[in-house]
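Peer 1: My questions all concern the structure below.
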Amino acid sequence: MSFASVESLTLRHIGRRAPALRGLDLEWHQGERLLLLGPSGSGKSTLALCLDGVIPHSLDAHWEAGRVVVNGRDTREARISDLVRDVGILFQDPEAQLVMLEVDDEIAFGLENLGVPRDRMRERIAAARAATALDSSTPRLLADLSGGTKQRVTLASLLAMRPRGLVLDEPTATLDPAGAREVLAAFASLAADRERSLLIVEHRVDEVLRHVDRVAVLDGEGHLAMEGDPDRVFLGEAQRLRSLGVWEPDLAALARATGAQRVPRTADEAAALVTSRDWPAVDEPVASARGRPLIAARAVRYRYERASRDAVAGVDIIVAEGECVAIVGPNGAGKSTLGLLLAGVLRPSAGEVTLAARSRVAYVFQYPEHQFVPSTVRADLRFGLSACGVAPAEADRRATATLEQFGLARLAEANPYSLSHGEKRRLSVASALVTDPQVLLLDEPTFGQDRRNVDELGALVDERVRAGGTVVVITHDLPFVAAHATRVIALADGRVVFEGAPQELFARADVLTRCRLVLPPLAEAFRRARAQRPGLPLISSRAELDRALRRSAVPA
Amino acid sequence: MVKFAVVLVLSLLLVLVIDPITPLLFLALTLLAAAALGNVSLASYGRAFAVLAVVGLGFVWSNAILASAPGETPPLAVWGPIRVSEAGLRFGIAIALRGLAIGAISLTFVLTTDPTRFAVSLARNARVPDRIAYPLLAAYRFLPFLTDEYAQIHLAQRVRGAADASTFGGLRRRLRELVPLFATAVRRATRVAVAMDARGFAGASSRTYLRETPIGGGDVVFALVAIAGALALLWLSASAGWLRLWDGRFSA
């Protein structure tokens, strides 16, 4: 039985030429747990907003064709106050959804709008808190909560309204790994209840796969590209998924490598697949000979104005030529501050940072928009060049070459703010690289990016490092670290708690816990398999897996 | 809500007072009451007063040299073309102290009021539309976000090597930084509005409230005591001959 159906929906946002959704047909069955995937800009969020009536009732759009029926009601004809009783929607960023200042008020907000009497509110709030593991130890004020907990409060506030369906639109996209795990645990318990129809948009596919019944994939144009059973989609359509730029589970690659017909849903299942075949030995990580030191930080400390403790509390590190150093750690560990110190943007309160002669560091911030100099893409590239004192004719030449190299040539005269998510990221990296810096420093570069953009960025990092360049990446994204970093520095409370190869970090449970890091799914599978068969290698990324498979394909 | 009304009344009363002593009395009483009953740190007053004091000094200075009617009374001091009159100085000090007193009363309100209760009470007791009262709360959350965001943007733009040394370079840079700030602020505000509507804020017909905000005996007593206190001060000031009320003129 259908809970919601989208029928030949074509919808265009105000001020856009191309439709966000084109003739989309999708069924969401009663009680079904549906995973929705698609590259960025494929219309996933637009679809989510249509399902609970925000479009067209609260946000205007050109509704060009088709209709959406939820729980038997045409969303364009029903009132939004009725539609929100049917479907609740959880957005990406908890900060952009919270209205009140205290947890209980926040959960009550939706109930007040529904006109639930006060004496009934208390019990509904209590039930919603219990469902999202918000117990009495949770601080009362929202401002005191972590991102993951705030997102659970938002989820609780939706659950309290008792909708029959729930849409979760990339609920972990703005969270650190531990926060994401909190929210996914809450999702898992909802999925286990099977009381509601659930639709989740989430690129941590490995983590949600065991809680979903079906997968639907949108393509870049807003069509439904494929849908069906997760094993069929992920094992049978891998090529197409890759060409669409859609995240697929890492464990699907493991399933293919071992000839399994099913994508493992749990770490133990994955570990069993690992032990089911032989793996070529992987060279133990050796401390590779490092090039000339470019940046040296000695006993560096930094304290922000009016802060009670040092954000960076005595750090000694060296960044050398030809390496990709990843800086990892929990939120508030001082990663970005250390990055700003290394780049010379902040001056240390104590200690010193020295930069090798004739070296420059280009810093790419987490949010590309923050760094744009308004006007055009070309002007943005030229801005950095003229700031470095490059002559205008030469600047023109280099800007044009870089536009070509980054596939931005056709956007040269566009306003940077009008670019898509991925294009903005590309422009911010291009603007940093156009001046040919010795060190490229990237702050959370994969945050909120789709697979194609992340793969592109990874290739760029690899290429620079191979060519002898240096990259420093501040990130929560351990799969990215596993695939591209040559060295990892883990921070906690402003201090270095680990320094070494990514594989060494993955073997250190204590550091992972302290830094609130979660092992990438492949690394977790191999770690568990090694506990049974100690001789196995610790493979932690898709790239390593592919290398291992190539090596074992060659007869010894 | 009652508290807000009292603050409004007291501030209006003070606006009409143009002598320097009466505001000083109000200031003393407010601080005394806040310290005794409000459980607030005087340090927070100190910080706010530092700002108000600078503004206040500006008033003193401008009134002292501008508000003097030539030939009326001999000036207190003459530095070249600058004549400082006694009346002007008195008026300036009165305005400055009045600012401090109103500031102290308002700050006491801010420091001792739970913003959620205030917003709900505005909606329920003062019948301010929900469409205005609730966005007030969202805006309250917004301010720290904007400050953080601006700090980030400032750093990000500095990294771009935007060292423009010309006279207007600094100003141009600041203006440039406002563009991304504005862009993120607008986007964020839109998202919050959409999220509120998605939780039924739009089209809510018979809204209920989790918080009870009855106006009780305590509120009445508070209002009476506060107003009585204010009147007592005015009476004290009047009987001592200090009090002067505004008579419609803009100079002494």
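Peer 1: Report whether or not A:Leu36 is more than 12 Å from every other protein chain (Cβ to nearest Cβ), within 30 Å of A:Ile107 (Cβ to Cβ), surrounded by 24 or more Cβ atoms within 10 Å (Cβ to Cβ) and modelled with pLDDT of 95 or more.
Peer 2: On the way: more than 12 Å from every other protein chain (Cβ to nearest Cβ): yes; within 30 Å of A:Ile107 (Cβ to Cβ): yes; surrounded by 24 or more Cβ atoms within 10 Å (Cβ to Cβ): yes; modelled with pLDDT of 95 or more: yes.
Yes.
Peer 1: Sticking with this one: Determine which member of the set A:Leu168, A:Leu159, A:Leu155 is within 22 Å of A:Ser45 (Cα to Cα), surrounded by 22 or more Cβ atoms within 10 Å (Cβ to Cβ) and assigned by TED's automatic domain parsing to the domain that holds A:Arg73.
Peer 2: Just one listed residue meets the conditions, A:Leu168.
Peer 1: Right, here's the next one. From the list A:Arg277, A:Arg265, which one is in a loop (DSSP other than H, G, I, E, B), touching a Ser or Thr at 6+ places or on another chain (Cβ under 6 Å) and closer than 30 Å to A:Arg533 by Cα? First the steps, then the outcome.
Peer 2: On the way: A:Arg265 fails: touching a Ser or Thr at 6+ places or on another chain (Cβ under 6 Å).
Criteria check complete, one pass: A:Arg277.
Peer 1: Identify all residues within the stretch B:192-214 that are buried (at least 22 other Cβ atoms within 10 Å of the Cβ) and at positive phi; write none if there are none.
Peer 2: Of everything in the stretch B:192-214, just one residue is buried (at least 22 other Cβ atoms within 10 Å of the Cβ) and at positive phi, namely B:Gly200.
Peer 1: Here's another thing I want to ask about it. Can you name the condition, by its number, that B:Val179 falls short on among (1) free of Cβ contacts under 8 Å to residues at least 24 places away in the same chain; (2) assigned to a loop (DSSP other than H, G, I, E, B); (3) within 11 Å of chain A (Cβ to nearest Cβ)?
Peer 2: Only one criterion is unmet by B:Val179, namely (2).
Peer 1: Please specify each residue of the stretch B:190-230 satisfying the condition of being closer than 17 Å to B:Ser121 by Cα and within 14 Å of chain A (Cβ to nearest Cβ). Walk me through it before giving the result.
Peer 2: Residues of the stretch B:190-230 closer than 17 Å to B:Ser121 by Cα: B:206-220, B:222-223.
B:Ser206, B:Arg207, B:Thr208, B:Tyr209, B:Leu210, B:Arg211, B:Glu212, B:Thr213, B:Pro214, listed by residue number.
Peer 1: Next question, about the same structure. Select from the stretch A:112-121 the residues that are in a helix (DSSP H, G or I) and either at pLDDT 95 or above or at the interface with chain B (Cβ under 7 Å from one of its Cβ atoms) (or both) and list them in ascending order.
Peer 2: A:Glu112, A:Asn113, A:Leu114, A:Arg118, A:Met121
Peer 1: OK, next. Within 12 Å of chain B (Cβ to nearest Cβ), within 26 Å of the chain's Cα centre (by Cα) and surrounded by fewer than 23 Cβ atoms within 10 Å (Cβ to Cβ): which single residue out of A:Glu102, A:Glu95 fits that description?
Peer 2: Being within 12 Å of chain B (Cβ to nearest Cβ), within 26 Å of the chain's Cα centre (by Cα) and surrounded by fewer than 23 Cβ atoms within 10 Å (Cβ to Cβ) holds for just one of A:Glu102, A:Glu95, which is A:Glu95.
Peer 1: Can you tell me which residue is surrounded by the most Cβ atoms within 10 Å (Cβ to Cβ) among those in the stretch A:433-481 that are farther than 21 Å from A:Arg204 by Cβ and of a type in the set (Ser, Thr, Tyr)?
Peer 2: Looking at the filtered set, the residue picked out is A:Thr470.
Peer 1: Among the residues of the stretch A:409-419, which ones are in contact (Cβ under 8 Å) with a residue 12 or more places away in the chain and either touching a helix residue (DSSP H, G or I) at 6+ places or on another chain (Cβ under 6 Å) or within 14 Å of another protein chain (Cβ to nearest Cβ) (or both)? Give the steps one after another, and end with the answer.
Peer 2: Just the residues of the stretch A:409-419 that are in contact (Cβ under 8 Å) with a residue 12 or more places away in the chain, to begin with: A:411-417, A:419.
Result: A:Leu411, A:Ala412, A:Ala414, A:Asn415, A:Pro416, A:Tyr417, A:Leu419.
Peer 1: Look through A:Asp268, A:Asp229, A:Asp219, A:Asp213 and report the one residue that is in contact with an Asp or Glu (Cβ under 6 Å, 6 or more places away or on another chain), at pLDDT 90 or above and of a type outside the set (Ser, Thr, Tyr). Step through it out loud before you land on a result.
Peer 2: Working: A:Asp268 fails: in contact with an Asp or Glu (Cβ under 6 Å, 6 or more places away or on another chain); A:Asp229 fails: in contact with an Asp or Glu (Cβ under 6 Å, 6 or more places away or on another chain); A:Asp219 fails: in contact with an Asp or Glu (Cβ under 6 Å, 6 or more places away or on another chain).
Within the list A:Asp268, A:Asp229, A:Asp219, A:Asp213, the selection yields A:Asp213.
Peer 1: Of (1) away from every other protein chain (no Cβ under 14 Å); (2) assigned to a loop (DSSP other than H, G, I, E, B); (3) at pLDDT 90 or above, A:Arg347 satisfies all except one. Which?
Peer 2: The failed condition is (1).
Peer 1: Of the residues B:Ile215, B:Ile153, which is part of a loop (DSSP other than H, G, I, E, B) and β-branched (Val, Ile, Thr)?
Peer 2: The match here is B:Ile215.
Peer 1: So which of B:Arg158, B:Arg131 ends up being among the charged types (D, E, K, R), within 28 Å of A:Gly88 (Cα to Cα) and assigned to a helix (DSSP H, G or I)? Steps first, answer last, please.
Peer 2: On the way: B:Arg158 fails: within 28 Å of A:Gly88 (Cα to Cα).
Going through B:Arg158, B:Arg131 in turn, just one is among the charged types (D, E, K, R), within 28 Å of A:Gly88 (Cα to Cα) and assigned to a helix (DSSP H, G or I): B:Arg131.
The values are calculated or read from the model by the stated rules, or taken from the named source; none is laboratory data. From a predicted model like this one, the values you see are computed outputs, not experimental measurements. Ideal geometry is used to build each Cβ from the backbone, glycine not excepted, and the neighbour counts take in all protein chains shown.
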